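Before any comments, here is the structure.
Nothing in this text is a laboratory measurement; each read-out follows from the coordinates by a stated rule. Predicted model, so just to flag it, every value in this text is computed and none were measured. Quick reminder, even Gly has a Cβ in these numbers, built from the backbone with ideal geometry, and neighbours come from all protein chains shown.
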Amino acid sequence: MTDVRNNWEARELDDSLRSKTMILNMGPAHPATHGTVRLILELDGERIERCDVDLGYLHRGFEKQCENVDYNQVIPYTDRLNYVSPIINNVGWVLAIENLFDVEVPLRGQYIRVIMSELSRMCDHLTCVGAGAMELGAFTVMLYLMQAREELYDLIEQVTGARLTISYTRVGGLKSDLPHNFREAVQAAFKKIEKHLIDADKLVSRNRIFQDRMADVGIISKDEAIAYGITGPIARASGVNYDVRKAFPYSSYDHFEFQVPLGSKGDNLDRFLVRFNEIYESMSIVNQAFKKLPDGPISIDDPKIIMPPKDEVYDSIEGMISQFEIVFGGIKPPAGDIYFPVEGGNGELGFYVVSDGSGHPYRVRVRPPCFVAMGIMGPLLEGHTIADVVPIFGMINMIGGECDR
């Protein structure tokens, strides 16, 4: 038997005995694909020769739903685009409509929007890097970072009354002001979050397995990132110095000093580190906003846009009529169109809105950063192995709600 085995191992297979490539469907039922995407892999052994990406597993008709409700009723729908950082979606939508009205929220309202957006961005990045580490076996890192995210969820719940789908903004302002002693609660939470970040960094930054699995894997060059229209942490990891908060400041972002972390290789490790460093930058922005936070109203004073306080509705005929008109007819921006971008958790999140002067949008179109970034997923996987699919997909950080088409 030994001789036969040795002879067999030494035999060279001719072309007629070689197997063909195999088609493997990875998802939508795979745990890492969120139930919303299918990767059709053509494999030569463990090597990926070709990959087709099928995003057609989630279609809620977001844009058409928005065209059949009034402008404020769209806000709960935006929560469900990127449900990991929903406040940024809320802010992006109302800023687009406020630009149609040509109005600006008072400075306190702008600063609070910045504070809540950055807390939301931190949640997004903590989820991405925590899950990315866990999928490579660093389960403890995920626990540290999920505990950090829990601190943020508690803060968000204090302000909005909800943890995930929060519907916090209103066209012309905010649902409510910050609670008493919220600044102290944020500072206490940040101390805990920094400790969790340090502990997580110690576990992965010099871990040989983590480095080997992430470094030089899934490289996106600077030119490729630009050609595919990719923005956000993915593009910045490839050296593209573009951040909407810097390029087109909104909601008083130009009042704050912060760095835009950049990578050099554009691999999985750079994408991980850019998000990790952006968490620290977000904390810095929040601290600056609290130091500069002015007193005053959080919403504009316009009865055609903002609902009156409840005591006015109950005690005055003018307040009751104003609320009646907004509830039944909706706010009515002048006819026109607008495209307004904000910096979402995964890149440029833009809303294009057409108004015909009625109480609901005539046309809505959203530019979701995840949908754009997934365009490179197929070519990016080619030449890698099956084991690289999950970490690459994790660092692209596809959020299914944003790929709704």
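With unit charges on the beta carbon (Lys/Arg positive, Asp/Glu negative), name the residue among Gly232, Gly383, Met146 whose Cα is farthest towards the positive pole of the charge dipole of the chain. So the residue we want is Met146.
Is any helix in the chain, taking whole DSSP H runs, at least 27 angstrom long along its axis by alpha carbon and on average at least 0.0 on the Kyte-Doolittle scale, and which ones?
Details: long enough: 107-134 (40 Å, 0.40); 139-160 (31 Å, 0.32); 182-204 (33 Å, -0.13); 268-292 (36 Å, -0.28).
Length and hydropathy pass: 107-134, 139-160.
Under a model in which nothing but the beta-carbon of Lys, Arg (+1) and Asp, Glu (-1) is charged, the stretch 62-403 shows a dipole of about 720 debye around its Cα centre. Comparing Thr231, Thr21, Thr169 in a Gaussian network model of the chain where C-alpha atoms under 10 Å apart are linked, the largest mean-square fluctuation is found at Thr21.
Taken about its Cα centre, the stretch 255-405 carries a charge dipole of roughly 380 debye when the Cβ of each Lys and Arg holds +1 and the Cβ of each Asp and Glu holds -1.
Which listed residue (Ile300, Gly263, Pro334) has the Cα farthest towards the positive end of the charge dipole for the stretch 62-403, taking +1 on Lys and Arg C-beta and -1 on Asp and Glu C-beta about the Cα centre? The one lying farthest along the dipole's positive direction is Gly263.
For the pair Arg47 and Arg60, label points projected 7 Å from Cα toward Cβ lie 4.2 nm apart. Taking every alpha-carbon pair under 8 Å whose residues sit at least 6 apart, the stretch 198-252 reaches a relative contact order of 20 percent. Taking the fewest neighbouring Cβ atoms within 10 Å as the starting point, the ordered list for Met398, Met146 is Met146, Met398.
Of the residues Leu39, Leu107, Leu349, the one with the fewest other Cβ atoms within 10 Å heads the list, and the complete ranking is Leu107, Leu39, Leu349.
The Cβ shell under 13 Å around Phe351 holds other residues with a net charge of -3, Lys and Arg each +1, Asp and Glu each -1.
What residue among Pro341, Pro76, Pro233 shows peak mean-square fluctuation when the chain is described by a Gaussian network model with Cα springs under 10 Å? Judging by the Gaussian network model, the answer is Pro76.
GNM, the chain, Cα, under 10 Å: largest mean-square fluctuation among Glu184, Glu281, Glu118? Comparing Glu184, Glu281, Glu118 in a Gaussian network model of the chain, the most mobile one is Glu184. Please report the net charge: other residues with Cβ closer than 13 Å to the Cβ of Arg38, K and R +1, D and E -1. Charge balance near Arg38 sits at -2. Helical content alone sets the calculated 222 nm signal of the chain at -15000 deg cm²/dmol, taking -39,500 (n - 2.57) per DSSP H segment of four or more residues and averaging over every residue. Sorted ascending by nearby beta carbons within 10 Å, beginning with the fewest, Cys403, Cys123, Cys51 become Cys51, Cys403, Cys123.
Within a Cβ distance under 11 Å of Gly336, other residues only, what is the Lys/Arg minus Asp/Glu net charge? Around Gly336, the charge tally is -3. Amide H to amide H distances under 5 Å link Leu43 with Met22, Ile23, Leu24, Glu49, where only residues 5 or more positions off or on other chains count and H is placed in the peptide plane. What separates the Cα centres of the stretch 151-224 and the stretch 232-294 is a distance of 13 Å. So the label point goes 7 Å from the Cα of Ile23 along Cα→C-beta, right? Which residues of the stretch 41-67 then have their backbone N under 20 Å from it? Zone members listed by number: 41-57.
Rounded if a/c is under 1.5, else prolate if a/b is larger than b/c, else oblate: which is the stretch 167-268, with a ≥ b ≥ c the root eigenvalues of its Cα gyration tensor? Note, shape of the stretch 167-268 comes out oblate. Reported value for the chain: 160 Å³ per residue, from the convex hull of its C-alpha atoms. The relative contact order of the chain comes to 24 percent, based on Cα pairs under 8 Å that sit 6 or more residues apart.
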